[in-house]
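In what follows, a structure is listed as structure tokens, so that the remarks can point back to it.
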Amino acid sequence: VSSSVEVFSITGSQLEWLQKDLSYRAKNSPLLVFCHEATSSWRSQNTVLSLLKEYKTKIFAGHAHQDLLMDSQGIPEQVTAALSGEWGHGDNLDGSKPGYRVVSVTGSVLDDFYKEIDSTQQIEISPAGATWPIISGQVELVAKVFTGSGTVSGVTYSVDNATAVAVS
């Protein structure tokens, strides 16, 4: 029985180029890597990630039509849902609306946010300094709030339908 799983590989000459190109970079500056397929489908994943680990790297991928933050051997890898949704037949596989990711770099600070098309308000919650899944324990969460109608005047939160508490 044959498998229909695609596996991708970075060739030896491409790895040589990458290693040489990375040698010109400062190790503390943000390194953004954009690719179509998530590195989990790469035959050469370990080799490439070992080169990228030495830098302040974040990987962005697509292809899967879902919004997923992964830990790829210590490197955050953000798979982004698609602008087309599920090929124009509705929402992405994870239920997110069609949209795009906004990436910004200010000095050494990297920030990104998935923006759903036609959304006037949106909240993205992620663990601070970690990636999903969080199995157990206490974790600090970061909430990124988007509003297309001006500035945010206040944010509250509640856990398990408890009374809302203002975020200061």
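Looking only at residues that are within 20 Å of TYR55 (Cα to Cα) and without any contact (Cβ under 8 Å) to a residue 40 or more places away in the chain in the range 75-87, which one is surrounded by the most Cβ atoms within 10 Å (Cβ to Cβ)?
Taking the range 75-87 and keeping what is within 20 Å of TYR55 (Cα to Cα), we get 75-79.
Okay, now just the ones that are also without any contact (Cβ under 8 Å) to a residue 40 or more places away in the chain, so 75, 77-78.
Values: ILE75: 20, GLU77: 22, GLN78: 20.
This residue is GLU77.
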Inset, instruction - Tell me which residues, restricted to the range 116-135, are open to solvent by 60 Å² or more (accessible area, probe 1.4 Å) and at pLDDT 70 or above. - result: ILE117, ASP118, THR120, GLN121, ILE123, ILE125
Legend entry - Number of the exception - SER96 against (1) within 19 Å of VAL142 (Cβ to Cβ); (2) open to solvent by 70 Å² or more (accessible area, probe 1.4 Å); (3) without any contact (Cβ under 8 Å) to a residue 40 or more places away in the chain: (2)
Legend entry - ALA162 being at pLDDT 70 or above, of a type in the set (A, V, I, L, M) and outside any loop (DSSP other than H, G, I, E, B): no
Inset, instruction - Say whether the condition of being touching an Asp or Glu at 6+ places or on another chain (Cβ under 7 Å), surrounded by fewer than 13 Cβ atoms within 10 Å (Cβ to Cβ), over 20 Å from VAL7 (Cα atoms) and of a type outside the set (Val, Ile, Thr) is met by at least one residue in the range 99-106. - result: yes
Inset, instruction - Would you be able to tell me the number of residues in the range 77-92 that are assigned to a loop (DSSP other than H, G, I, E, B) and at pLDDT 80 or above? - result: 6
Inset, instruction - Could you tell me which numbered condition SER72 fails, if it satisfies all but one of (1) touching an Asp or Glu at 6+ places or on another chain (Cβ under 9 Å); (2) of a type outside the set (Phe, Trp, Tyr); (3) open to solvent by less than 30 Å² (accessible area, probe 1.4 Å); (4) touching a residue at least 24 places away in the same chain (Cβ under 8 Å)? - result: (1)
Inset, instruction - Could you list, in sequence order, all residues of the range 33-67 that are over 24 Å from THR11 (Cβ atoms), without any contact (Cβ under 8 Å) to a residue 40 or more places away in the chain and not polar (S, T, N, Q)? - result: HIS65
Legend entry - First in the range 1-21 and closer than 19 Å to SER41 by Cα, second anywhere and open to solvent by 100 Å² or more (accessible area, probe 1.4 Å) and modelled with pLDDT under 90, Cβ under 8 Å, 6 or more apart: VAL7/ARG43; PHE8/ARG43; SER9/ARG43
Legend entry - Whichever residue in the range 11-66 is under 23 Å from GLY99 (Cα atoms) and of a type in the set (Phe, Trp, Tyr) and, among such residues, is least open to solvent (accessible area, probe 1.4 Å): PHE60
Inset, instruction - For LYS56, work out the one condition from (1) within 22 Å of SER108 (Cβ to Cβ); (2) in contact with a Cys (Cβ under 9 Å, 6 or more places away or on another chain); (3) at pLDDT below 90 it doesn't fulfil. - result: (2)
Legend entry - Positions within the range 53-73 being part of a strand (DSSP E or B) and acidic (Asp, Glu), in sequence order: ASP71
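The values are calculated or read from the model by the stated rules, or taken from the named source; none is laboratory data. Keep in mind that this is a model prediction, so the values were computed, not measured. Because the Cβ atoms are built from the backbone with ideal geometry, glycine has one as well, and the counts that use them run over all protein chains shown. To get the accessible areas, we keep the full protein, side chains included, count just its heavy atoms, and leave off ligands, DNA and RNA. Shrake-Rupley method; radii C 1.70, N 1.55, O 1.52, S 1.80 Å.
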